[in-house]
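Chemist: Before I ask anything, here is the structure I am working with.
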Amino acid sequence: MAYAAPVAAGVGAVGGMYYLRKYFKGGVCTSKARLDGKTVIITGSNTGIGKETAKDLAARGARVILACRDLEKASKAAEEVKLSSKNENVVVKKLDLSSLQSVRDFAKEIQTEESRLDILINNAGVMACPHMKTQDGYELQLGVNHLGHFLLTNLLLDLLKKSSPSRIINVSSKAHENGKINFDDINSEKGYSKFSAYSQSKLANVLFTRELSRKLEGTGVTVNSLHPGVVKTELGRHFGKLALFAMNVMAYIVLKDPVDGAQTSIHCAVDEGLKDVTGLYFSDCVPKEPTLPAKSDEIAERLWKVSAELVGLEE
């Protein structure tokens with residue numbers, strides 16, 4: 001009897017831990033859709049939620065192209081994806097989103113070698129890094145998270161339209177809610193805050209989605225953005241030691257693992273009910289309202305024009 005209370009408390013704690021963990025895992029993609037004969041590109045797919053997304057879509061029969069900067073790491077990931085999915089149609093191609101020339105070279109290679117593109121998942125990203133610049137002189141988070149994907153998507157639009165119905169998925173973040181597009185200093189030349197720059201780039205993802213969906217009306221190509229959840233991935237590599245320690249302590253209960261974090265990307269890519277759904281922002285596999293600035297057509301249009309100028313895109 002003396003042990004009854006501690007045992008009951010222990011059982012209660014374990015039960016509470018289980019339900020907390022289940023709550024933080026978030027939504028799950030329930031679609032059983034097959035992707036046989038379809039081609040998918042996933043940027044930054046050699047690790048984290050990108051790799052887990054690749055495993056799932058390859059298991060559905062898709063030809064999956066891992067678009068990555070680190071080819072050695074990507075090749076190892078490709079073998080893992082093949083083994084997991086029982087699908088050998090997984091290839092690696094070089095893409096460095098911090099270089100506009102690399103983006104153009106990658107797009108040209110895809111246009112030359114691929115006959116179709118059904119799903120483009122703009123997944124790669126950097127987060128809260130020290131002040132660094134891309135090869136073209138842009139603040140790194142803006143350059144990789146937004147400008148690189150902006151140019152890539154535009155260069156692949158003809159192939160996406162040819163393959164319609166097709167889908168574009170932009171992985172953003174809840175951090176967009178803290179973002180502001182600082183048109184007076186979009187490149188953070190007057191001052192730099194790593195978290196403000198990250199939030200700006202994630203807001204840019206949602207605004208890009210909004211404007212692109214408007215431009216793609218009637219083409220059969222849809223585009224949606226999403227928050228994957230708070231996921232334990234390599235994105236936190238630039239956090240301080242204290243923050244990383246806190247993340248590791250919280251990880252088991254609060255943070256999603258990459259499989260959980262990939263669910264909304266997978267849902268947006270395959271769910272049959274989303275065939276004609278475009279311009280929305282998702283979280284936990286359901287549409288959510290983004291922050292008010294993210295719904296501004298005026299800001300979205302202005303950002304598009306600025307971005308096009310920065311990457312040298314001729315409309």
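Chemist: Can you figure out the FRET efficiency of Lys288 with Asn182, using R₀ = 30 Å and their beta-carbon distance, to the nearest 0.05?
Modeler: On the way: r = 25 Å, r/R0 = 0.82.
Result of the calculation: an efficiency of 0.75.
Chemist: Still on this structure, please answer the following. Loop only per DSSP, at most 13 neighbouring Cβ atoms within 10 Å: give me the GluC sites (Glu not before Pro) in the range 137-216, ordered by residue number. Write down the numbers at each step before the final one.
Modeler: Values: sites: Glu139, Glu177, Glu189, Glu211; in loops: Glu189.
Loop-located and lightly packed - Glu189.
Chemist: Okay, moving on. Of Lys38, Lys82, Lys288, Lys32, how do they rank once you tally other Cβ atoms within 10 Å and put the fewest first?
Modeler: Working: Lys38 21, Lys82 17, Lys288 13, Lys32 8.
Ascending Cβ contact count within 10 Å gives the list Lys32, Lys288, Lys82, Lys38.
Chemist: Let me ask something else. Using 0.36 nm per residue of separation minus the Cα-Cα distance, give me the extension gain between Asp158 and His131 in nm, one decimal. Kindly include the intermediate steps, with their values, before the conclusion.
Modeler: On the way: separation 27, 0.36 × 27 = 9.72 nm, distance 3.50 nm.
So the extension gain works out to 6.2 nm.
Chemist: What is the order of Arg34, Arg210, fewest Cβ neighbours within 10 Å to most? Each step should come with its number before you reach the end.
Modeler: On the way: Arg34 12, Arg210 25.
Fewest-to-most ranking of Arg34, Arg210: Arg34, Arg210.
Chemist: Indicate the gyration tensor shape class of the range 105-169 (rounded, prolate or oblate), computed on the Cα atoms with a ≥ b ≥ c the square roots of the eigenvalues: a/c under 1.5 is rounded; otherwise a/b larger than b/c is prolate and the rest oblate. Walk me through the numbers on the way to the answer.
Modeler: Values: a/c = 3.34, a/b = 2.11, b/c = 1.58.
Since a/c reaches 1.5 and a/b is larger than b/c, the shape of the range 105-169 is classed as prolate.
Chemist: Can you give the Kirkwood hydrodynamic radius for the range 259-315, in Å, rounded to one decimal and based on Cα pairs? Don't jump to the answer; show the numbers that get you there.
Modeler: Values: mean 1/r = 0.0734 Å⁻¹.
One over the average 1/r among Cα pairs gives 13.6 Å for the range 259-315.
Chemist: Within the range 85-133, which GluC sites (Glu not before Pro) sit in a loop by DSSP and count at most 15 neighbouring Cβ atoms inside 10 Å?
Modeler: Details: sites: Glu88, Glu109, Glu113, Glu114; in loops: Glu88, Glu114.
Passing both the DSSP loop test and the Cβ count: Glu88.
Chemist: Would you order Asp158, Asp257 from fewest to most other beta-carbon atoms within 10 Å of each residue's own beta-carbon? Spell out each step's value before the answer.
Modeler: On the way: Asp158 11, Asp257 17.
Final ranking by Cβ density, sparse to dense: Asp158, Asp257.
Chemist: Using only the Cα atoms, what convex hull volume per residue in Å³ does the range 184-234 have?
Modeler: Values: hull volume 5.6 nm³, N = 51.
In the range 184-234, the Cα convex hull volume per residue is 111 Å³.
Chemist: What is the extension gain from Lys295 to Arg104, computed as 0.36 nm multiplied by their sequence separation minus the C-alpha to C-alpha distance, in nm to one decimal? Present the calculation step by step, with values, prior to reporting the outcome.
Modeler: Numbers: separation 191, 0.36 × 191 = 68.76 nm, distance 2.96 nm.
Net length gain for the segment: 65.8 nm.
Where a number appears in this text, it was derived from the coordinates with a stated rule and is not lab data. Just so you know, these numbers come straight off a predicted model, no measurement behind them. Virtual Cβ from ideal backbone geometry, glycine too; neighbours counted across all protein chains shown.
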